[in-house]
Amino acid sequence: MTKRIVPAALAVLALLAASCGSDDDGSADATDAAGAEATDAAGAETTAAAETTAGGDTGTTAAGRSETSAAAGDCTLDSPLKIGFAADLGELGAFSDGPGSDAAEVQVGIIIAAGGVGGLPVEYEVKDIQGDPSATQRAAQELLDDGVNAIIGPPFANTGAPLATTVAGSVPIIYMASTDVSLADAANGQFLASFSDPVQAAAAAEFALGEGNTTAITFSSADDVYFSGNPEYFTDAFENGGGTVVQDFSFSLADEDFSTQVNEIASLDPQPEVLFTAMVMPQIATLLEQLQGAGVDMTVIGVDGFDATVIWDAGDIADGVFFTAHTFPSDDNDVQAFLDEATAAGKDIETVSFGALASDAVQIIAAAATNACTTDGPALSAAIAELSDLPVTTGSVTYAGTDGVPEKDVVILTVTDGQPALVETLRPAYIPTP
């Protein structure tokens, strides 16, 4: 995967604005207990790793991860659990589903090596939807025809919604990288693997307030709800916590210059302490440069689009920026150990957050199959909806009492010396209503 990546909402907008994506899709299977072979749309072979995770007796892998075997316990399945991935492997979706499809394959191999689920190896199949809604529906039907029991879904609503329409609740869907709350519907077997936009924006607001900031401005774009919704949620949470959002500045995704907005910001007296935005690279780099050039010094906070588009590639101008992320290697999670195992299996998981979320998605499905001791789709959906404090690669996940958006920690990162660094992990006390 290249560094030329975009967040889910920007990719959706690009898809709606241009005729892109292909009707061609590829598939991959992972069924061998020693490490499954998979062939993608281009015909390249990949190999699943081997180890474990998901519920039962605890063991330790070669990489040192504390693991639980999905095969342990009293569950014995009559047929193997089969997981499908409706993956957007085109240019627009590769930021998540490229590393995600590889990471899911690695996690399947880990579980297989630990004895599988219900005493049987897990099967894994990938269909490349290329960001196209029609291709997504065809791929969904092919996955169902191939007998998958659960599907890992794409990050974009324009393909995620057609996927749900075709699946129609027959098997659970876990949207691995999406923060779009509209895709979550536990009653219809639709779940996010990550937190939602209201959660990450609220976490950013709580972090800003905790740093002693009381005034802020926002940058928003009406071009897509990702760029307008996150600033709205931040404003709600920031003001609920006693802060004041002085002004919102608008921009377009086509903008290459922000001098008008920057000049207006520079004239504000007193100067706000925080600038919050869902803007992404390369636009955020331009904004940071122009703010610096105008002598504006304030704390800049973003959301997961900063992570997805690798803001630290902007150079020194990005140092000191803060942003929300889905995970980061630490002593409190298994992310680094999983990445090490992926490397050992020949997989270079370039984007940490989305590789780890795919590992989570496989663990969630395996835990549901173990707990319910079935591969029946609706039963798996019901079992996922009841999961509470399930250990996963990124930490733990709870769906019980939610409508499909899990209770998960939000990671706050900063850029230090050109690299992301962990600041803190939190769950916001106040979450705006979408």
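For first residues located in the stretch 197-214 and over 10 Å from residue 238 (Cα atoms), partners that are part of a helix (DSSP H, G or I) and lie 6+ apart or on another chain with Cβ distances below 6 Å form the pairs 197/229; 197/230; 198/233. Of everything in the stretch 323-338 that is under 18 Å from residue 195 (Cα atoms) and of a type in the set (A, V, I, L, M, F, W, C), the residue that is most open to solvent (accessible area, probe 1.4 Å) is 328.
For residue 313, indicate whether it is touching a residue at least 40 places away in the same chain (Cβ under 8 Å), under 22 Å from residue 409 (Cβ atoms) and within 26 Å of the chain's Cα centre (by Cα).
No; evaluated as a whole, the condition is false for this residue.
Scanning the stretch 339-367 for residues that are open to solvent by less than 10 Å² (accessible area, probe 1.4 Å) and among the β-branched types (Val, Ile, Thr) turns up 362, 364, 365. Note on the stretch 414-423: residues that are part of a strand (DSSP E or B) and out of contact with any helix residue (DSSP H, G or I) (no Cβ under 7 Å at 6 or more places or on another chain) amount to 5. Considering only residues in the stretch 247-269 that are surrounded by 12 or more Cβ atoms within 10 Å (Cβ to Cβ) and among the hydrophobic types (A, V, I, L, M, F, W, C), the one that is nearest to the chain's Cα centre (by Cα) turns out to be 253. If you check 403, 331, 340 for being more than 14 Å from the chain's Cα centre (by Cα), touching a residue at least 60 places away in the same chain (Cβ under 8 Å) and assigned to a loop (DSSP other than H, G, I, E, B), only one passes: 403.
Find the residue count for the stretch 239-256, including only residues that are assigned to a helix (DSSP H, G or I) and touching a residue at least 12 places away in the same chain (Cβ under 8 Å). Going through the stretch 239-256 one residue at a time, the tally reaches 1. Exactly one residue among 239, 232 is charged (D, E, K, R) and farther than 28 Å from residue 133 by Cβ, and that residue is 239. Of the residues making up the stretch 382-400, just one is open to solvent by 40 Å² or more (accessible area, probe 1.4 Å) and in contact (Cβ under 8 Å) with a residue 60 or more places away in the chain, namely 391. Residues that are surrounded by fewer than 17 Cβ atoms within 10 Å (Cβ to Cβ) and part of a loop (DSSP other than H, G, I, E, B) do occur in the stretch 270-280. Evaluation of residue 244 against the conditions (1) touching a strand residue (DSSP E or B) at 6+ places or on another chain (Cβ under 8 Å); (2) crowded, with 20+ Cβ neighbours inside 10 Å shows that the sole unmet condition is (2). Taking the stated definitions as given, is residue 370 open to solvent by 10 Å² or more (accessible area, probe 1.4 Å), at pLDDT 95 or above and over 15 Å from the mean Cα position of the chain (by Cα)? It is true that residue 370 is open to solvent by 10 Å² or more (accessible area, probe 1.4 Å), at pLDDT 95 or above and over 15 Å from the mean Cα position of the chain (by Cα). Within the option set 236, 224, being open to solvent by less than 50 Å² (accessible area, probe 1.4 Å), touching a residue at least 40 places away in the same chain (Cβ under 8 Å) and among the acidic types (Asp, Glu) holds for one residue only, 224. Across the stretch 371-391, a minimum of one residue is classified as touching a Gly at 6+ places or on another chain (Cβ under 7 Å) and part of a loop (DSSP other than H, G, I, E, B).
All of 88, 128 fail the test of being in contact with an Asp or Glu (Cβ under 6 Å, 6 or more places away or on another chain), within 24 Å of residue 197 (Cα to Cα), among the charged types (D, E, K, R) and buried (at least 24 other Cβ atoms within 10 Å of the Cβ), apart from 88.
Of the residues making up the stretch 401-429, just one is modelled with pLDDT of 95 or more, open to solvent by 80 Å² or more (accessible area, probe 1.4 Å) and touching a Gly at 6+ places or on another chain (Cβ under 9 Å), namely 429. Among all positions in the stretch 301-321, there is at least one residue which is in contact with a strand residue (DSSP E or B) (Cβ under 6 Å, 6 or more places away or on another chain), open to solvent by less than 40 Å² (accessible area, probe 1.4 Å), assigned to a helix (DSSP H, G or I) and modelled with pLDDT of 95 or more. Condition check for residue 289 on (1) among the charged types (D, E, K, R); (2) surrounded by 24 or more Cβ atoms within 10 Å (Cβ to Cβ); (3) over 19 Å from residue 421 (Cα atoms): one failure, at (2).
The values are calculated or read from the model by the stated rules, or taken from the named source; none is laboratory data. Just so you know, these numbers come straight off a predicted model, no measurement behind them. No Cβ is skipped: glycine too gets one built from the backbone with ideal geometry, and neighbour counts run over all protein chains shown. Accessible surface is based on the protein model in full, side chains and every heavy atom, while ligands, DNA and RNA are left aside. Shrake-Rupley method; radii C 1.70, N 1.55, O 1.52, S 1.80 Å.
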